[in-house]
Amino acid sequence: MRRIDYDTEQYREYARSRALTEQQLQAWLSAFEAALPARGPLAGLDVGSGTGRFTPALARAFGPVTGIEPSARMREDAQMQSLPPGVRYLAGSAEDIPVQPGSADYVLMFLSWHHVQDKPGAIRELSRVLRPGGRLLMRANFSDHHPRYWWLEHFPRGFEVDASLFQPLGEVIAMFTSAGWRVADFSTVTEPSSGTRGDMLERLRLRTGSFFAQLSPDEQAVGFRRLEQAVAADPGAPVPVSAEPLLTLERP
């Protein structure tokens, strides 16, 4: 996987291209609530918080949240939002989380695990910051449990390239269980439609997905030409709902 420096690329359009509808946000919050302890408030960490598309909502739903994000520009965008009480953003990463040991009830990693370079180091750090019995909510794609997004079929090697960004599910689980963690749950979350295919095409043109960074300019050009032709036939058709993996792990 080619590493992405979000301080020099993608940051300008990331929030707009990855925005969630209210229905999508509520679907995820409901899934997180089902995976977390019933007691509250809960102290949370949003590791890889990006432009903060989840952090404020987590605080409103569950209690104080610290967003951890290595990109200064992404943190700047997040801090420009109207933030509820209990939200803060800190520079850091999954391998270096600048909070006290045992200070978090849960950690959310939403589509950020595949960016982690030192995964064993990240597991040690997650073990440090979570309380015993604390939970990691990992929304990640896995090479063998991967949503087949409708638009990928139009890009050369689309499904192959996208799946190659991610580990197999069993490999991820083995890394954590060998460190004493246990699997609390693995399920899929039905994410509501994000709008029309025409709307989706406009967001994809912003090229903020890790997938696009792995394609050559020629592959991108061919893919967008095919996708534009397909969408032009019915731009108002809704984007299909998708089943998104959610792995919940519990710290010993």
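The values are calculated or read from the model by the stated rules, or taken from the named source; none is laboratory data. What you see is a predicted model, and the numbers here were worked out from it, not measured in a lab. Cβ coordinates were reconstructed from backbone atoms using ideal geometry, including for glycine residues, and neighbour counts include every protein chain displayed. Accessible surface areas use protein heavy atoms only, side chains included; no ligands, DNA or RNA. Shrake-Rupley method; radii C 1.70, N 1.55, O 1.52, S 1.80 Å.
Out of everything in segment 126-153 that is among the charged types (D, E, K, R) and surrounded by fewer than 19 Cβ atoms within 10 Å (Cβ to Cβ), what residue ends up being farthest from Ala34 (Cα to Cα)?
For segment 126-153, the residue satisfying everything is Glu153.
When segment 213-241 is examined, which residues are found to be farther than 16 Å from Glu153 by Cβ, assigned to a helix (DSSP H, G or I) and open to solvent by less than 70 Å² (accessible area, probe 1.4 Å)?
Correct list: Ala213, Ala221.
Tally up the residues in segment 32-47 that are open to solvent by 20 Å² or more (accessible area, probe 1.4 Å) and either small (Gly, Ala, Ser) or within 15 Å of the chain's Cα centre (by Cα) (or both), please.
Residues flagged as open to solvent by 20 Å² or more (accessible area, probe 1.4 Å) and either small (Gly, Ala, Ser) or within 15 Å of the chain's Cα centre (by Cα) (or both) within segment 32-47 amount to 4.
Which residue pairs have Cβ atoms closer than 6 Å, lie 6 or more positions apart in sequence or on different chains, and pair a first residue in segment 73-86 that is more than 21 Å from Ala61 (Cβ to Cβ) with a second residue that is surrounded by fewer than 17 Cβ atoms within 10 Å (Cβ to Cβ)?
Arg73/Asp7
In segment 16-31, what residues are part of a helix (DSSP H, G or I), touching a residue at least 40 places away in the same chain (Cβ under 8 Å) and open to solvent by 50 Å² or more (accessible area, probe 1.4 Å)?
Arg16, Gln23
Which of the following residues is in contact with an Asp or Glu (Cβ under 9 Å, 6 or more places away or on another chain) and on the phi > 0 side of the Ramachandran plot: Arg157, Arg182, Arg197?
Checking each option against the conditions leaves just Arg157.
If we keep just the residues of segment 154-175 that are free of Cβ contacts under 8 Å to residues at least 40 places away in the same chain and under 19 Å from Glu191 (Cβ atoms), which is surrounded by the most Cβ atoms within 10 Å (Cβ to Cβ)?
Among residues in segment 154-175 that are free of Cβ contacts under 8 Å to residues at least 40 places away in the same chain and under 19 Å from Glu191 (Cβ atoms), the one surrounded by the most Cβ atoms within 10 Å (Cβ to Cβ) is Ala163.
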